[in-house]
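A.B. asks: Would you mind keeping the following structure in view while I ask a few things?
The values are calculated or read from the model by the stated rules, or taken from the named source; none is laboratory data. Note that the structure is a prediction, hence the values are computed from the model and not measured. Cβ coordinates were reconstructed from backbone atoms using ideal geometry, including for glycine residues, and neighbour counts include every protein chain displayed.
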Amino acid sequence: MILLELYWVFLQIGAFAFGGGYAVLPLIQRFVVDGRGWLTMKEMTDLVSISQMTPGPIAINSATFVGTKVAGLPGAIVATLGNVTPQFILMMILAFFIFRDQKIGFLEKMLKGLKPGIVGLIAIAAVSMFQSSLFEGAVALENLSIVSVVAFAIGFMLKLTKRFDLIKLIVLGAFIGIAGNLMVLWMA
């Protein structure tokens, strides 16, 4: 039963995953974090970080990760298949029209209308990830993680002023996180 539920959830996510990686994050949060409780928001943020370091789209990496967590290897396979099924069907339909040299004007108009919505979804995902990265729990001043704020501020300033290399920024952020958390543990 859980495999069927995994397939259905990721089929829905895959069907409405217009706009790519960051645009799909609110859908994953709604279905996986809020709806089923398969992940916490903190695990979701970690999932996005891990998905950025591994090859492949965020949605597929997320499906594989959640499927593995919920039902092991069969869950990973089923969730991933559920996620790619809508795109596979859509590509077969589009290929039919393209190979027949037909114009797909309605599709161009539809995609033009989707762009503002996709930007909104990306903004929602960015705000949600920002909150869960800087705050430990509810968004309140007493829950603010000083280590996270320092890492964010340093990374933001370096990227903004010096066009710092992304790989160096990731390594620097990891170093700040490890060093800062070790200092917090040492002081406690």
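A.B. asks: In the set A76, A23, A71, which member is of a type in the set (G, A, S) and under 22 Å from I124 (Cβ atoms)?
C.D. replies: On the way: A76 fails: under 22 Å from I124 (Cβ atoms); A71 fails: under 22 Å from I124 (Cβ atoms).
The unique qualifying residue is A23.
A.B. asks: Scanning segment 56-70 for residues that are β-branched (V, I, T) and without any contact (Cβ under 8 Å) to a residue 24 or more places away in the chain, which turns out surrounded by the fewest Cβ atoms within 10 Å (Cβ to Cβ)?
C.D. replies: Just the residues of segment 56-70 that are β-branched (V, I, T), to begin with: 58, 60, 64, 66, 68, 70.
Narrowing further to those that are without any contact (Cβ under 8 Å) to a residue 24 or more places away in the chain: 64, 68.
Working: T64: 21, T68: 16.
Result: T68.
A.B. asks: Return the only residue of L94, L73 being within 30 Å of M1 (Cβ to Cβ) and exposed (fewer than 13 other Cβ atoms within 10 Å of the Cβ).
C.D. replies: Testing whether each residue is within 30 Å of M1 (Cβ to Cβ) and exposed (fewer than 13 other Cβ atoms within 10 Å of the Cβ) leaves just L73.
A.B. asks: Of everything in segment 130-188, what is surrounded by 14 or more Cβ atoms within 10 Å (Cβ to Cβ), at pLDDT 80 or above and of a type in the set (S, T, N, Q)? Give them in sequence order.
C.D. replies: Correct list: S148 only.
A.B. asks: Given the structure, is L114 out of contact with any Pro (no Cβ under 8 Å at 6 or more places or on another chain), farther than 25 Å from I50 by Cβ and modelled with pLDDT under 80? Talk me through it step by step, then tell me what you get.
C.D. replies: Working: out of contact with any Pro (no Cβ under 8 Å at 6 or more places or on another chain): yes; farther than 25 Å from I50 by Cβ: yes; modelled with pLDDT under 80: yes.
Yes.
A.B. asks: Filter segment 14-55 for residues that are without any contact (Cβ under 8 Å) to a residue 12 or more places away in the chain, hydrophobic (A, V, I, L, M, F, W, C) and not in a helix (DSSP H, G or I) and give the result.
C.D. replies: Within segment 14-55, just F16 meets the criteria.
A.B. asks: For segment 138-165, how many residues are touching a helix residue (DSSP H, G or I) at 6+ places or on another chain (Cβ under 8 Å) and either touching a residue at least 60 places away in the same chain (Cβ under 8 Å) or farther than 20 Å from V127 by Cα (or both)?
C.D. replies: Narrowing segment 138-165 to residues touching a helix residue (DSSP H, G or I) at 6+ places or on another chain (Cβ under 8 Å): 139, 144-152, 154-155, 158-159, 164.
Now restrict to residues that are either touching a residue at least 60 places away in the same chain (Cβ under 8 Å) or farther than 20 Å from V127 by Cα (or both): 158, 164.
Qualifying residue count for the region: 2.
A.B. asks: Would it be correct to say that P74 is modelled with pLDDT under 90 and at negative phi? Full working, then the answer.
C.D. replies: Details: modelled with pLDDT under 90: no; at negative phi: yes.
Judged against the criteria, P74 is not a match.
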